[in-house]
Amino acid sequence: MVPTKTERAESTKGRLIQVAGELFGTRGYEETSIEDVLAGAGVSKGALYHHFPSKEALFEAVFVEGERECMTAIATAAMAAPGWVEALRVGCHTWLDLVMDPHVRRIAVIDGPAVLGWQRWRELDEEYAFGLTKKALQAASDEGAIRVSNVDMLAHMTLAMLGEAAMLIARADDPKAARIEAGAAVDQLIDALVI
């Protein structure tokens, strides 16, 4: 069957996001030109601007796709854990493990806030990570495993903790050592919640 116009457009959009993601993840936002993306995707400038009005909009689409992939990996790992406290712990550690990937580190942690702006970066982070974090905390609280007086606030604080840990890993001279230290700190903070 011959693909429809809509299917071809979606295929082009997906290819642009994939190629841009590889380039942004490898080179960084500033070192990646629109021409690099066009050449890698094999599309015209008009095709790119049909889907994305700017390089920033393309980056946001790449960022969002990465957030979705990370949240899927985190949810999958967390749901295999025995109990909600362990699900929270596994989810946090899975995120720190994902930050060890240079592409994730570059797009989500280093370039994300710089390109999107802090406010938009936080909005997207909360859109994808907040609900998952809140669900784990609320379920752990409901089963009496942790003490929490305000689940929303604790979910925000947990995301802030993980964001700072990711920044420390991303900017460390030795990301592996920073990952180990961050994991130990996350465990200490989660253990402090357990009743």
| request: Determine, from the Cβ-Cβ distance of Ala39 and Trp118 and an R0 of 35 Å, the FRET efficiency 1/(1 + (r/R0)^6), rounded to the nearest 0.05. | output: 0.65
| field | Potential extension, Glu86-Asp191 segment - 0.36 nm per residue separation minus Cα distance | value | 36.8 nm
| task | Sequence neighbours fewer than 8 away in the same chain don't count; with that in mind, list the aspartates and glutamates whose C-alpha is under 18 Å from Lys13. | result | Glu22, Glu35, Asp36, Glu56, Glu60, Glu65, Glu67, Glu69
| When the chain is fully extended, how far beyond the present Cα-Cα distance does Asp142 get from Glu126, taking 0.36 nm per residue of separation? | 3.5 nm
| Gap in Å between the Cα centre of the range 3-65 and the Cα centre of the range 118-195? | 31
| Once the range 23-63 is represented by equal point scatterers at the alpha-carbon sites, with solvent omitted, what log10 I(q)/I(0) does the Debye formula produce at q = 0.22, 0.26, 0.29 Å⁻¹? | -0.68, -0.94, -1.14
| Label-to-label distance, nm, for residues given as Asp173 and Ala160 (7 Å Cα→Cβ offset) | 3.0
| remark: Mean Cβ-within-10 Å packing, highest first, puts peptides 160-166, 186-192 in the order 160-166, 186-192
| said: If I model a spin label at Ala75 and Ser149 as a point 7 Å from the Cα along the Cα→Cβ vector, what separation in nanometres do I get? | reply: 3.2
| the range 29-86: GluC sites (Glu not before Pro) falling in loop per DSSP and having at most 12 other Cβ within 10 Å | Glu30, Glu31
| query | For the range 73-136, what is one quarter of the convex hull surface built on the Cα atoms, given in nm²? | reply | 4.2
| Which label belongs to the value computed from this structure, given these candidates for semi-axes √(5λ) of the Cα gyration tensor in Å: [x] 35, 19, 14; [y] 38, 23, 16; [z] 30, 17, 14? | [x]
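Throughout, read-outs are computed from the coordinates displayed, never taken from laboratory work. Just so it is clear, the model here is predicted, and its values are computed rather than measured. Don't worry about glycine lacking a Cβ; one is built from the backbone with ideal geometry, like all the others, and counts go over all protein chains shown.
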